[in-house]
Amino acid sequence: MGKDNNNFKGLEFSNNPLTLDELKKVTKPIRNANIVHLEKLSKLDLLALWVTNHVGSMRFFVIILVWTVFWLFWNIFAPMKLKFDPYPAFVFWLFISNMIQLFLLPLIMIGQNLQAKRSEARAEADFEINTRSEMEIETILLHLENQNKMMFKILDDLENKK
């Protein structure tokens, strides 16, 4: 086990393994990384995550596709009096589409950065749990070794008495 782990710094195993109470004292309680991460987010961060989650969905894609198809068909096939964005340029449609892209791009990038931070927090929590498990397993192995030593000593004592 590495000595650089913050949870168990300065803790060395001797021939006497730790008791369950000692083990509980040296370990921090397990935390839910998802809850810790969400508690740190501001309202703007939550908005960016909401936008990222919804813009990255098939529903949003279908909405944009239907809107685009309707817009283009309307301005190609509608009577001349009802057309508001004449074919073939569709200048107004291009302007609106570009504005949507310009506003969504930074929001999606912010949301992705926040999602990456959440993944990093979960990875750190997983590392803490793995380290804690490693220490518990090592303690169990030490207990088993001590039991083996005691059993061999008892067997030796029994054989020497015969």
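Residues with beta-carbon under 13 Å from that of ASP156, excluding ASP156: net charge, scoring Lys, Arg +1 and Asp, Glu -1? Working shown, then result.
Working: positive: LYS149, LYS153, LYS161, LYS162; negative: ASP157, GLU159.
Net local charge, ASP156 excluded: +2.
Taking K and R as +1 and D and E as -1, what net charge do the other residues with C-beta under 15 Å from the C-beta of VAL51 add up to? Could the numbers behind the result be given before it?
Numbers: positive: LYS43, ARG59; negative: ASP45.
Neighbour charge sum, excluding VAL51 itself: +1.
Residues with beta-carbon under 14 Å from that of PHE73, excluding PHE73: net charge, scoring Lys, Arg +1 and Asp, Glu -1?
Values: positive: LYS83; negative: ASP85.
Neighbour charge sum, excluding PHE73 itself: 0.
Compute the relative contact order of the chain as a whole-number percentage, counting only Cα pairs closer than 8 Å that sit 6 or more residues apart in sequence. Could you put the intermediate results ahead of the total?
Working: 72 pairs, mean separation 61.4, N = 162.
Reported as a whole number, the value is 38 percent.
If you wrap a convex hull around the alpha carbons of segment 42-123, what volume per residue comes out, as a whole number of Å³?
Considering the Cα atoms of segment 42-123, their hull volume per residue is 100 Å³.
Computed over the Cα atoms, what is the radius of gyration of the chain divided by 2.2 N^0.38 Å, N being its residue count? Please list the in-between numbers first.
Details: Rg = 31.8 Å, N = 162, 2.2 N^0.38 = 15.2 Å.
For the chain, the normalised Cα radius of gyration comes out at 2.09.
All of the numbers you see were taken from the coordinates with simple rules; none came from a lab. All values reported here derive from a predicted model rather than from experimental measurement. As a convention, Cβ positions derive from the backbone with ideal geometry for all residues, glycine included, and neighbour counts pool all protein chains shown.
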